[in-house]
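Here's the structure, in structure tokens; my notes come after.
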Protein chains: 2
Amino acid sequence: MVTLAEVAQHAGVSASTVSYVLSGKRSISAGTRQRVEQSIRELGYHPNAGARALAGKRSNIIALMIPLRTDLYVPVMMEIAIAVATTARTHGYDVLLLTGEEGPDAVRRVTGSGLADAMILMDVELEDERLPLLRGTDQPSVLIGLPADTDGLTCVDLDWSATGALCVEHLAGLGHRDIAVIGEAPAVYERHTGFAERTLDGLRSAARETGVRLLHRPCEGGYDAMALTLARVFDERPATTGFVVQNESAVEPLLALLRQQGRAVPEDVSVVAICPDQVAVQASVRLTSVAIPAQEMGRRAVERLVAKLEGRGGDEVVLLAPGLTRRASSGPAPAAS
Amino acid sequence: MVTLAEVAQHAGVSASTVSYVLSGKRSISAGTRQRVEQSIRELGYHPNAGARALAGKRSNIIALMIPLRTDLYVPVMMEIAIAVATTARTHGYDVLLLTGEEGPDAVRRVTGSGLADAMILMDVELEDERLPLLRGTDQPSVLIGLPADTDGLTCVDLDWSATGALCVEHLAGLGHRDIAVIGEAPAVYERHTGFAERTLDGLRSAARETGVRLLHRPCEGGYDAMALTLARVFDERPATTGFVVQNESAVEPLLALLRQQGRAVPEDVSVVAICPDQVAVQASVRLTSVAIPAQEMGRRAVERLVAKLEGRGGDEVVLLAPGLTRRASSGPAPAAS
DNA sequence: ATAGGCTGTCGAAGCGCTTCGACAGCGCAT
DNA sequence: ATGCGCTGTCGAAGCGCTTCGACAGCCTAT
């Protein structure tokens, strides 16, 4: 393994000079710089990460804590993770992957050991047990998701409340008066995951304002669960003509069931999904949807974090504005029969 | 930040003693050990990762290189990544997340800087450009996937050839004589991803042995692409009664289309999928499937890697035996009309 | 009683880097 | 011609840990 000292010797300068060439923290004459850079290339030098972290007091690593559960929004999580990794690299950081499994201990371990300079937390619950630790340390962090109390925290999230409202407004504008919401699995609500509850708030208040009747039913993914839920919905509200689907894995089952029951989309029933665009366009009916901007969430989280690491900017809550794309699954409400 | 020296002082011993308590590399009297452990707890000490890496010449980090593409097998990738992270933790390692984006450079960077002690590569192509680097370094690595030449490499993968064979044998055993294979997207074959080609080999040789006619068609995910592919299949081979689907995101569209065309599953047409079990049971017809054991692949990869890091065991190719689970989507071939 | 071997602990060196203060050499203003 | 401030480079200290050799004290075999 090539060391700084070897590079220095090869270039005929001192170790500190090489270090300054690398960091740019002091001015170096053009000639020296070139000689050093040449030596670095010739020897294939890579600075040793451990030594760097020890001497420089920063590891250039960002920890990313992803949920252990694979039941929820897998493609979204994956996309966020990849966006985080890619964006981090463009800022010179690597990403350490932590699973939610260790919980608060992972936070303690990482901050305590200097393994990472900062962390990004996903799947934040309203009263997350990791939050007190984050508030109690001076290590920068960013949450993807919004807890109940954002005081002293930096958060990046889709504006779920506005997302919910957008869905209802779209359907209401098309004349639908009875709307059913196919929600996330019950476990998601029990866990008090912020986005689910906020979406519901948005849906409800928009329903109130537009005078629409709203029926919300949590639903596991999959065909059987959806069949059961759908039967109950039409049982309770036979006049339902609009659906808002939040659970990605309930979308295709819903469409299949509606087709099977002879309800045409969008002639008889309109469907709006909250899901990544890719899912919306690949479905059996091209779905009117509000996109979950996973990539942007990951990117923005890293950018906020890097800003904090560089001393720019403090705590802030970034809420991304939702956008609805109209596709083939929504249309005017059928004339009342 | 608490240091080793502070712990030592607090416990009334020397720094090296504390170090030996932590590492267990020399015997320590019970009394001393207890006093040291007590001090560690009281002070909330966490060893500094950088210093440890520098002095100990190992970072206790495993690098995991995942594909940048989000078009392929996302849930499988995610599940593997999580299994890797979890298993690594049980062996005392953390996981660094690299995206394929940097390609071979990432390998150089990580091995050169001592950032990670070892690496796991996913999405390995038959002639992967990262392989020469791996062969040329003494840093241990494990591939998830099988390149053309496995000499000097350790690989973990599902036995895709046997997987393909299993699918055909199952359908042939049920009396199907004409089988269509809905493959991965064309891009996957063009990239020469090993698993796709190997599966095809397995399918073909089993078809030869069982005297079954096989039609293979690559297919993008989504409803529209599937519709096109399906039309072509029945056009070319009207007598097709069996389907093997490798592309996860083509499964549900296929089922919907068959239903729409009045072909009952499994009475008229049988479907076997190659996908994670979760997908198979959540589909609109519970699918007969060969599972992709994502978790086990991740776990096994880490275990091989840790073995190599500890000097146990050398290169080895681990092929996991596939298992077919019969569910509701396959049945006897209909009597020839 | 004495030599030899353990066991448990310590001090010091060193891992490869960053960074601070020092200073040589230069050009400029006086 | 002298002094001053720059610019570019260097040497040394130190980051927090691991590990090696040394050695004190004790037990066992002679």
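Odds and ends about this structure:
- A residue that is among the hydroxyl-bearing types (Ser, Thr, Tyr), closer than 24 Å to A:ALA51 by Cα, more than 10 Å from chain A (Cβ to nearest Cβ) and more than 36 Å from the chain's Cα centre (by Cα) can be found somewhere in the stretch B:20-40.
- Test: A:GLY103 is at pLDDT below 95, within 16 Å of DNA strand D (Cβ to nearest atom) and more than 26 Å from B:GLN139 (Cα to Cα): no
- Residue under evaluation A:ASP123, criteria (1) of a type in the set (D, E, K, R); (2) more than 10 Å from chain B (Cβ to nearest Cβ); (3) within 16 Å of DNA strand D (Cβ to nearest atom), criterion not met: (3)
- Residues of the stretch A:41-66 satisfying the condition of being buried (at least 23 other Cβ atoms within 10 Å of the Cβ), over 14 Å from B:ALA49 (Cβ atoms) and facing another protein chain (nearest Cβ under 8 Å): A:LEU64, A:ILE66
- Residue ranges of strands (runs of 3 or more DSSP E) in the stretch A:263-337 with at least 2 members over 19 Å from the mean Cα position of the chain (by Cα): A:270-274
- Count of residues meeting criterion [more than 30 Å from the chain's Cα centre (by Cα) and not polar (S, T, N, Q)] in the stretch A:229-247: 9
- Condition check for A:LEU214 on (1) over 26 Å from B:ARG286 (Cα atoms); (2) in a helix (DSSP H, G or I): one failure, at (2).
- The set of residues from the stretch B:10-19 being over 44 Å from the mean Cα position of the chain (by Cα) and either farther than 15 Å from B:GLY44 by Cβ or not assigned by TED's automatic domain parsing to the domain that holds B:SER39 (or both) comprises B:GLY12, B:VAL13, B:SER14.
- Boolean, A:ARG69 is open to solvent by 70 Å² or more (accessible area, probe 1.4 Å) and either more than 14 Å from chain B (Cβ to nearest Cβ) or at pLDDT 95 or above (or both): no
- Subset of the stretch A:80-95 [surrounded by fewer than 23 Cβ atoms within 10 Å (Cβ to Cβ) and either within 7 Å of chain B (Cβ to nearest Cβ) or in contact with a helix residue (DSSP H, G or I) (Cβ under 8 Å, 6 or more places away or on another chain) (or both)]: A:ALA83, A:THR86, A:THR87, A:ARG89, A:HIS91
- Considered as a group, the residues in the stretch A:1-56 that are in contact (Cβ under 8 Å) with a residue 24 or more places away in the chain and not in a helix (DSSP H, G or I) include one that is farthest from DNA strand D (Cβ to nearest atom), and that residue is A:GLY44.
- Among the criteria (1) at pLDDT below 95; (2) open to solvent by 10 Å² or more (accessible area, probe 1.4 Å); (3) not assigned by TED's automatic domain parsing to the domain that holds B:LEU126, the one B:ALA148 does not fulfil is (3).
- Search result, residues across the stretch A:210-259 that are open to solvent by 10 Å² or more (accessible area, probe 1.4 Å), within 14 Å of chain B (Cβ to nearest Cβ) and of a type in the set (Gly, Ala, Ser): A:GLY221, A:ALA225, A:ALA227, A:SER249
The values are calculated or read from the model by the stated rules, or taken from the named source; none is laboratory data. Since we're looking at a predicted model, the values are computed, not measured. We place every Cβ from the backbone using ideal geometry, glycine too, and count neighbours over all the protein chains shown. Only protein heavy atoms, including side chains, enter the accessible area calculation; ligands, DNA and RNA are left aside. Shrake-Rupley method; radii C 1.70, N 1.55, O 1.52, S 1.80 Å.
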